């Protein structure tokens, strides 16, 4: 069961085109990357437990150990506060990044092309905010990961990976 849906990309800072030609592609990205980022965050074993809890709760976790990291979370870390907007917001940022970066070019029968609009010019990735959205997701990811590491007794099977920030070069 997915936490993120196409409706989450219809407004706000993660707004994407959700026309009839985009929906199938966007759903494919949701299915692929939500699973991948949950496994990156938790490790395979804990991700499976988290998914089972999400299914049992009809889209939201029921176990306290998962509820605390699913919602917004602030943690003291080395004399400063780090903050997560929650797992759903984190996943939205990562999926937005993956989808947007792949839409810059399109594959056609004649090869890879750069789409051109009649009345507009495409923004370069420097101005597209995809890196800002990705880095916001990484901040949430790191906060959740730090919280789990500080409370390992509640998260048996945790083997998540660290993520780094991404910058346009």
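Nothing in this text is a laboratory measurement; each read-out follows from the coordinates by a stated rule. Because the structure is a prediction, the values reported are computed rather than measured. Please note: Cβ atoms are built from the backbone with ideal geometry, for glycine as well, and neighbour counts cover all protein chains shown.
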(message) Taking the number of other C-beta atoms within 10 Å as the exposure measure, put 32, 65 in order starting with the fewest.
(response) 32, 65
(request) Return the Rg/Rh value of region 1-97, two decimal places, where both radii are evaluated on C-alpha atoms and Rh is the Kirkwood radius. (result) 1.00
(message) As I understand it, the value is the acute angle between the Cα axis of helix 44-56 and the longest principal axis of the Cα atoms of the chain; what does it come to in degrees, rounded to 10?
(response) 90 degrees
(message) At a threshold of 8 angstrom on Cα-Cα distance, excluding pairs fewer than six apart, so keeping six or more, what relative contact order does region 6-154 reach in percent?
(response) 22 percent
(request) Provide 4, 81 in ascending order of the number of other Cβ atoms located within 10 Å of each residue's Cβ, fewest first. (result) 81, 4
(request) Work out, in µm²/s and without decimals, the Stokes-Einstein translational diffusion coefficient of the chain at 37 °C, 0.692 mPa s, Rh from Kirkwood over C-alpha pairs. (result) 190 µm²/s
(request) Per DSSP H run of at least 4 residues, take -39500 (n - 2.57); add these up for the chain, divide by its residues and hand me the 222 nm value, nearest 500 deg cm²/dmol. (result) -15000 deg cm²/dmol
(request) Just rank 54, 110, fewest to most, by other beta-carbon atoms within 10 angstrom. (result) 110, 54
(message) Nearest 10 degrees is fine. How inclined is helix 87-102 to the longest principal axis of the chain, computing both from alpha carbons?
(response) 30 degrees
(request) For a label point 7 Å from the Cα of residue 56 along Cα→C-beta, name the residues of region 132-169 whose backbone N is under 20 Å from it. (result) 148, 152-159
(message) As I understand it, the value is the acute angle between the Cα axis of helix 23-42 and the longest principal axis of the Cα atoms of the chain; what does it come to in degrees, rounded to 10?
(response) 30 degrees
(message) Nearest 5 percent is fine: what portion of the DSSP beta bridges confined to region 6-154 is antiparallel?
(response) 100 percent
